[in-house]
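A.B. asks: Before anything else, here's the structure in question.
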Amino acid sequence: MTFLYPIIFAIFIGFVFRVSARVCQKSLIDLIIIAYIVFCGSVILTGFTLSEIHKMNDRRFWAIGVFIPAFIFYIQFTKFFGKDRNENFTVFQMIGSQIQAVWNWFGNLSVFLKCIFAGLFISLGIIEITNFILICYTPPNEWDSMTGHLNRLLYYLQHNTMSHFGGTNWNIDSYPRSACTIQIYNYLMSGKVENWFKAIHHTAYWMIGFGVFGIVRSISKNLTASFFCALVVLLLPDVLKQTITTESDIVLASYLACLVYFLFSFNEKKKRRYLYLAGFSFGIALGHKITFVFSLPPVFLILLYTVFRDDEKSNFLRLTFAHFKHLVVGFVLGFLLFALPAGYIENIQEYHHPIGPPTALKHQSVDRAGSKTNLIKQGSRNVLRYSIDLINLDGLRNWEAGEQLNKVMKKPIIWFERNVLKTRLEAEKDFTIVPFTYHKRFEFYNMSPYWGIFGFGLILPLVLMVLFRIIKAKAVYYYLGLAFTLHFIALCYTAAYDPWKGRYMISSAIFAVPFLALLFTEQYSIEKTKHIFLKAYVGFVVIIGIASALSSTFLNYRCLPFSAYGRKSAFDMTRMEILTEARPDITKAYENFNKIVPQDATVALATINDDYEYPLWGDKLTRKLIVINPFEQGLRPIPKEADYLFFAKSVIKPKIGDIRLGTDTTMTKNVIVKGEDYYLRKLH
């Protein structure tokens, strides 16, 4: 009967699009984005319910359960929220007309723009094919997923609930759980294929592109600008890096893109259904990750523009009061349905704080800075640090020649900071997780890049020129520019400097990339034949940007599609080699563990917060693992049902008969955090 579940999954996808078709306007982008929110919302609500009744690992309940909230959404939007829908069309008619429109659009472009868009589309196609193959044939191996994100999914399935149980890593219990429901649903309905854990992340990648396309189309009414902005955001190095991982930031950015899209759709159409969809997107995003609070001030600015501002002003008060109740109800419903049950209440009960335990707060929040005076001082340094991090040839610097060029390019910046500003960005290590340096480790800029040349070559200059009124633009761009600024400031002042922070800038891009529309819609439009130098500059940036995007994909150190850097491709590595790629000193130990311990064994784990636990579940994720050293709770007794004890020497002292698994404690090359010395004890 296993083959039925993928069929039911496909039927559910079809039903989700049916719901979306009854809600959307006559737009393929609208159809897809609404379907995405209906899918995520339905699965999340089902997951929360199944967790409460201890049925998380029962595919029968998942197969049927997801249809219930989707049907409720259908009723809500056809009978209540979406009564103002007045478009009449069929989906097939819409798809056909959209394809014809795109064909006509491309045919009418100038030769210059045809070359630009051909290069962007072809490079995106090559990258997508490569990434899709990598997703299908390589297991996930992102660091936080090995310790937390993926690891906790299997604990939840084992326990049949997402309730607190005391995991080794603090984020297993304390992180919001809405994303877990989607990953578990995809995994179970696929027939328990672990690569489907990555499905929501790759879908989120495309939703960011669709969202930006829709936002720019609403702002500019220019199809060329919409395509350009969407293609650029899909080729940003930091966005590309997460499309094949199970990191959470790309999914958060997709929810933000949907939220902003719905607000601009309301501003354009004045249909109240978009206020409810925006409210649901808000709740889903907040239930996904607490860092969504960085986006709340920017979202409020967008709200001011899209809901509370009217260019004509003749009907401003009428519009405001007529729709304010729908805005409030939509956001309250989103919060109650998707955010509140995501784990924040349990965190308050367990840790007396919605985020997590005090140790986590001190590590990752403003608490690390100490006094407010020091926070302002160090946060200001972070503004400079992250600004400088944005000015890098990310992607291209994966090549040695690119990195050397990058160093030459940064020399004036380094001189200016050290000799003129004298802000001691490198010497001052307070309020940093890893101290700032102009020349970061290869692993940092390879695995967590920023925007590359598209960012500092096009996007940021346009943002600054608009905000300083060098370029006169429509009011919407000032709101977007301030929104980006607020989001960037939040990143700088709310947490310590972290060289991995490029992943958070994916959300920042939602507010900044639309500025590229100015290249097509304002005074200096490159669609006009006279702007030769501007065309040449844009063409140069696009060429380097494409090269950077391709380099980000084909020289991805953690998942190489081809052999490079003297390393095998991901397709030629064993599963354990890929899983432990970021920690090569423990690979041998984990391989030995996998050889000795049967795939159906029960294993007690006495590990530490930063240890990889996901690889210990087995090749088919069939072992049972029991945590006996939960985060900050002390060592528990070894359970009687355990067949083996896997432990770190720092947690339990080895005794005669224990098997040392072979951690290379002398390895220093390519090791960011040294692995523990692991041992195995047979208990029966």
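A.B. asks: When the convex hull of the Cα atoms of the range 564-684 is projected onto a plane and the area is averaged over all directions, what value comes out in nm²?
C.D. replies: Working: hull surface 32.4 nm².
Result: 8.1 nm².
A.B. asks: Hey, could you pull the Cα Rg and Dmax for the chain, both in Å?
C.D. replies: 25.3, 85
A.B. asks: Using a 1.4 Å probe, how large is the accessible area of residue 503, given in Å² and rounded to the nearest 10?
C.D. replies: About 40 Å², rounded to the nearest 10.
A.B. asks: Nearest-5 percent of antiparallel DSSP beta bridges in the chain?
C.D. replies: Rounded to the nearest five, the antiparallel share is 45 percent.
A.B. asks: Quote the relative contact order of the range 424-484 in percent (integer), defining contacts as alpha-carbon pairs under 8 Å separated by 6+ residues.
C.D. replies: Numbers: 20 pairs, mean separation 10.8, N = 61.
In percent, rounded to a whole number, it is 18.
A.B. asks: Can I ask one more? Roughly how many nanometres apart are two label points built 7 Å out from the Cα toward the Cβ at residue 620 and residue 2?
C.D. replies: Going from the residue 620 label point to the residue 2 one covers 0.7 nm.
A.B. asks: Stretch residue 121-residue 324 to full length: gain in nm at 0.36 nm per residue minus the Cα-Cα span? Working shown, then result.
C.D. replies: On the way: separation 203, 0.36 × 203 = 73.08 nm, distance 4.09 nm.
Difference between extended and current length: 69.0 nm.
A.B. asks: Run the reach check for residue 640 against aspartates and glutamates, Cα to Cα strictly under 20 Å, same-chain hits fewer than 8 apart removed. What comes back?
C.D. replies: Within the straight-line limit of under 20 Å, residue 640 reaches these aspartates and glutamates: 600, 658.
A.B. asks: Let me make sure I get this right: for the range 199-352, a, b and c are the square roots of the gyration tensor eigenvalues over alpha carbons, sorted descending. Under 1.5 in a/c it's rounded, otherwise prolate if a/b > b/c, else oblate. Which is it?
C.D. replies: Working: a/c = 2.54, a/b = 1.11, b/c = 2.30.
Because a/c hits 1.5 or more and a/b fails to exceed b/c, the range 199-352 counts as oblate.
A.B. asks: Let me ask another. Given only helices, namely DSSP H runs of n ≥ 4 each adding -39500 (n - 2.57), what is the per-residue ellipticity at 222 nm of the chain, to the nearest 500 deg cm²/dmol? Working shown, then result.
C.D. replies: On the way: 28 runs with 371 residues, N = 684.
My calculation for the chain gives -17500 deg cm²/dmol from helical runs alone.
A.B. asks: Say a paramagnetic label sat at a point 7 Å from the Cα of residue 660, along Cα to Cβ; which residues of the range 569-612 have their backbone N under 18 Å from it?
C.D. replies: From the range 569-612, the list is 585-593.
A.B. asks: Further question: By the gyration tensor of its Cα atoms, with a ≥ b ≥ c the square roots of the eigenvalues, what is the shape of the range 397-477: rounded for a/c under 1.5, prolate for a/b over b/c, or oblate?
C.D. replies: Details: a/c = 1.92, a/b = 1.47, b/c = 1.31.
Because a/c hits 1.5 or more and a/b exceeds b/c, the range 397-477 counts as prolate.
A.B. asks: Counting each pair of different Cα atoms once, what's the Kirkwood radius of the range 553-593 in Å, rounded to one decimal?
C.D. replies: Working: mean 1/r = 0.0954 Å⁻¹.
About 10.5 Å, per the Kirkwood formula over Cα pairs.
A.B. asks: If you count only protein heavy atoms with a 1.4 Å probe, what accessible area per residue comes out for the chain, rounded to a whole Å²?
C.D. replies: Numbers: 27240 Å² over 684 residues.
Per-residue accessible area for the chain comes out at 40 Å².
A.B. asks: Could you tell me the calculated FRET efficiency between residue 359 and residue 380, based on Cβ-Cβ distance and R0 = 30 angstrom, to the nearest 0.05? Could the numbers behind the result be given before it?
C.D. replies: Values: r = 26 Å, r/R0 = 0.88.
Approximately 0.70, to the nearest 0.05.
A.B. asks: Need the list of aspartates and glutamates near residue 271 for cross-linking: C-alpha distance under 19 angstrom, and skip anything on the same chain fewer than eight residues off.
C.D. replies: 30, 84, 87, 310, 311, 312
A.B. asks: Related question: Whenever you get a sec, compute what percent of the accessible area on the chain sits on carbon and sulfur atoms (1.4 Å probe). Walk me through the numbers on the way to the answer.
C.D. replies: Details: 17520 of 27240 Å².
Here carbon and sulfur together make up 64 percent of the probe-accessible area.
A.B. asks: Would you please give the FRET efficiency between residue 415 and residue 474, computed as 1/(1 + (r/R0)^6) with r the Cβ-Cβ distance and R0 = 41 Å, to the nearest 0.05?
C.D. replies: Working: r = 38 Å, r/R0 = 0.93.
The formula returns an efficiency of 0.60 here.
A.B. asks: Averaging over all projection directions, find the projected area of the Cα convex hull of the range 210-291 and quote it in nm² with one decimal place.
C.D. replies: Working: hull surface 22.3 nm².
Approximately 5.6 nm², given one-decimal rounding.
A.B. asks: Also, I was wondering about something else. Quick query: amide H of residue 497 versus all other amide H atoms, modeled in the peptide plane; which residues come in under 5 Å with a sequence gap of 5 or more or a different chain?
C.D. replies: Under 5 Å from the amide H of residue 497 lie the amide H atoms of 432, 433, each far enough along the sequence or on another chain.
A.B. asks: Which whole-Hz couplings ³J(HN,Hα) result when phi for each residue of the range 188-194 is put into the Karplus expression 6.51 cos²θ - 1.76 cosθ + 1.60, θ = phi - 60°, listed in order with x for Gly and Pro?
C.D. replies: 5, 6, 7, x, 6, 9, 5
A.B. asks: Taking the alpha-carbon distance from residue 535 and a cut-off under 30 Å, which lysines remain once sequence neighbours fewer than 8 residues away in the same chain are dropped?
C.D. replies: Partners found: 114, 221, 241, 407, 410, 411, 472, 474.
A.B. asks: Given the range 1-77, what whole percent of its Cα pairs are spread farther than 15 Å?
C.D. replies: On the way: 1611 of 2926 pairs.
I get 55 percent for the Cα pairs in the range 1-77 exceeding 15 Å.
A.B. asks: Moving on to the next point. Let me check I have the definition right: for the range 127-264, take the eigenvalues of the Cα gyration tensor, multiply each by 5, take square roots. What are those semi-axes in whole Å, largest first? Present the calculation step by step, with values, prior to reporting the outcome.
C.D. replies: Working: eigenvalues 191, 56, 29 Å².
Listed largest to smallest, the semi-axes of the range 127-264 are 31, 17, 12 Å.
A.B. asks: Let me ask another. List, in the order given, every pair from 55/79; 588/620; 501/674 whose Cα-Cα distance in the structure shown is over 28 Å.
C.D. replies: Working: 55/79 32 Å; 588/620 19 Å; 501/674 22 Å.
Violating the 28 Å Cα-Cα cut-off are 55/79.
A.B. asks: Counting residues in the range 136-176 as N, plug N into 2.2 N^0.38 Å and put the Cα Rg over that result. Walk me through the numbers on the way to the answer.
C.D. replies: Details: Rg = 10.8 Å, N = 41, 2.2 N^0.38 = 9.0 Å.
So the range 136-176 has a normalised radius of gyration of 1.20.
A.B. asks: Which whole-number percent is the relative contact order of the chain (Cα, under 8 Å, 6+ apart)?
C.D. replies: Details: 1091 pairs, mean separation 103.2, N = 684.
Across the chain, relative contact order equals 15 percent.
A.B. asks: State log₁₀ I(q)/I(0) for the range 203-252 at q = 0.15, 0.19, 0.20, 0.21 Å⁻¹ as given by the Debye formula over alpha-carbon point scatterers of equal weight, solvent excluded.
C.D. replies: -0.39, -0.58, -0.62, -0.67
A.B. asks: Post the alpha-carbon centroid distance, the range 471-547 to the range 245-280, in whole angstrom.
C.D. replies: First find each Cα centre; the distance between them is then 20 Å.
A.B. asks: Stretched out fully, how many nm does the piece from residue 643 to residue 530 gain, at 0.36 nm a residue minus the Cα gap? Intermediate values should be presented prior to the final figure.
C.D. replies: On the way: separation 113, 0.36 × 113 = 40.68 nm, distance 7.62 nm.
Length gained, residue 643 through residue 530: 33.1 nm.
A.B. asks: Amide H neighbours of residue 625 under 5 Å, counting only residues 5+ apart in sequence or on other chains, H built in-plane at 1.01 Å?
C.D. replies: 603
The values are calculated or read from the model by the stated rules, or taken from the named source; none is laboratory data. Computed from a predicted model, the values in this text were never measured in an experiment. Using ideal geometry, Cβ is built from the backbone for each residue, glycine included, and neighbour counts are taken over all protein chains shown. SASA here: full protein model, heavy atoms, side chains in, ligands and nucleic acids out. Shrake-Rupley method; radii C 1.70, N 1.55, O 1.52, S 1.80 Å.
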